[in-house]
Structure formats: structure tokens, C-alpha cells
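Novice: Here it is, the structure in full.
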Amino acid sequence: MVLWDIGVHFVDNEHIRELNKTYRNKDKATDILSFPFHQVTNPEIDLPKTNLEDDMNLGDMYLSIPYILQDCKQANESISNRLPILLTHGICHLMGYDHEDDSDFKIMSEREDEILGQFYMFKDKKKKIKTQ
């Protein structure tokens with residue numbers, strides 16, 4: 001099994017706004033930004049190819065906790081429900097998925113649903129084991 005690293009950074013709105021402005025030319029805060037370290041041409045087929053252990057890093061994700069908390073408050077949602085969705089979305093971007101057009105959006109959404117389904121199934125099994 002090949003293991004990959006992912007950097008997860010929790011930042012404030014100002015920090016993520018600066019990143020968004022610098023790298024996406026959008027002068028506003030957002031919930032999450034992902035910066036892949038490798039170019040993946042077809043994420044449905046494989047992860048990046050590398051022979052060096054030091055290159056086994058998919059990239060970095062930056063999450064603005066104040067932004068996410070505000071979104072959760074407005075949607076009447078808990079951060080514990082929102083974070084798995086955001087992290088899955090960010091990981092999909094690091095793996096090469098995108099949502100620039102409708103077909104890419106559909107493919108990425110299906111992959112996110114698959115990953116989240118596995119996560120929730122694992123979480124439910126873990127909860128059942130704890131209660132036994």
C-alpha cells in the first residue's frame with residue numbers, strides 16, 4: 001500500500017483571503033483552498049507517479065475556521081458535520097478532481113459521495129463497537 005501525506009492548515013479569514021487573492025485572483029475569504037503538489041491528468045485512474053519518498057505528499061489544504069463556523073451558524077449545521085465534507089472536497093482536489101464544468105462536477109461529486117459514504121460507514125461501525 002502506498003501512503004501519501006496531506007497538509008491541513010487551519011487559518012483565519014484574513015490568511016485565506018490573501019491566499020485566495022494571490023493564487024486565484026479572488027479578493028475574498030472562502031472556506032477551503034487546496035494546493036496540489038502534483039499534476040494529475042486522470043484522477044479516476046491513478047494517483048501521481050513518484051519514486052521518491054519525499055515526494056509522497058499530495059499537497060496542502062487551508063481551512064478558514066471562522067468562515068466555516070459562520071457558514072455552519074447560517075445553515076444551522078454543526079462543524080463536526082461540515083468538516084468531513086470540506087476535507088473530502090479538498091482531498092478530491094489534491095487527487096486531481098475539479099468542478100470547472102458540469103461533467104467534471106458530476107465526476108467529483110460522485111467521488112466525494114463515495115468517500116463520505118465509506119467514512120460514515122466506518123464511523124458507524126466504530127460507534128457500534130464503542131457501545132458494545
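The values are calculated or read from the model by the stated rules, or taken from the named source; none is laboratory data. Model, not experiment: these values are computed from the prediction. A quick note on method: Cβ atoms are made from the backbone with ideal geometry, for glycine too, and the neighbour counts reach across all protein chains shown. Note: accessible area is taken over every heavy atom of the protein model, side chains too, but ligands, DNA and RNA are not part of it. Shrake-Rupley method; radii C 1.70, N 1.55, O 1.52, S 1.80 Å.
Novice: Please report the projected area of the chain's Cα convex hull averaged over all directions, in nm².
Specialist: 10.2
Novice: With point charges of +1 on the Cβ of Lys and Arg and -1 on the Cβ of Asp and Glu, referenced to the Cα centre of the chain, which listed residue (N13, Y23, C92) lies farthest in the positive direction of the dipole?
Specialist: Among N13, Y23, C92, the one farthest towards the positive end of the dipole of the chain is N13.
Novice: Give me the dipole magnitude in Debye, nearest 20, for the chain about the Cα centre, with unit charges on the beta carbon: positive for Lys and Arg, negative for Asp and Glu. Walk me through the numbers before you get to the answer.
Specialist: Details: 16 positive and 24 negative charges, 162 e Å.
Charge dipole, the chain, about its Cα centre: 780 debye, nearest 20.
Novice: Residues with beta-carbon under 13 Å from that of E112, excluding E112: net charge, scoring Lys, Arg +1 and Asp, Glu -1?
Specialist: Every neighbour counted, the sum reads -3.
Novice: What whole-number value in Å² describes the accessible area per residue of the chain for a 1.4 Å probe?
Specialist: Value returned for the chain: 71 Å² of accessible area per residue.
Novice: So for the chain, taking the charge dipole from beta-carbon charges (+1 Lys/Arg, -1 Asp/Glu), which of M61, L116, I79 sits furthest toward the positive end?
Specialist: Value: I79.
Novice: Just the number, please: carbon plus sulfur as a percent of the accessible area of the chain, 1.4 Å probe, no ligands or DNA/RNA counted. Write out the running numbers ahead of the final one.
Specialist: Details: 4830 of 9340 Å².
Of all accessible area on the chain, carbon and sulfur atoms account for 52 percent.
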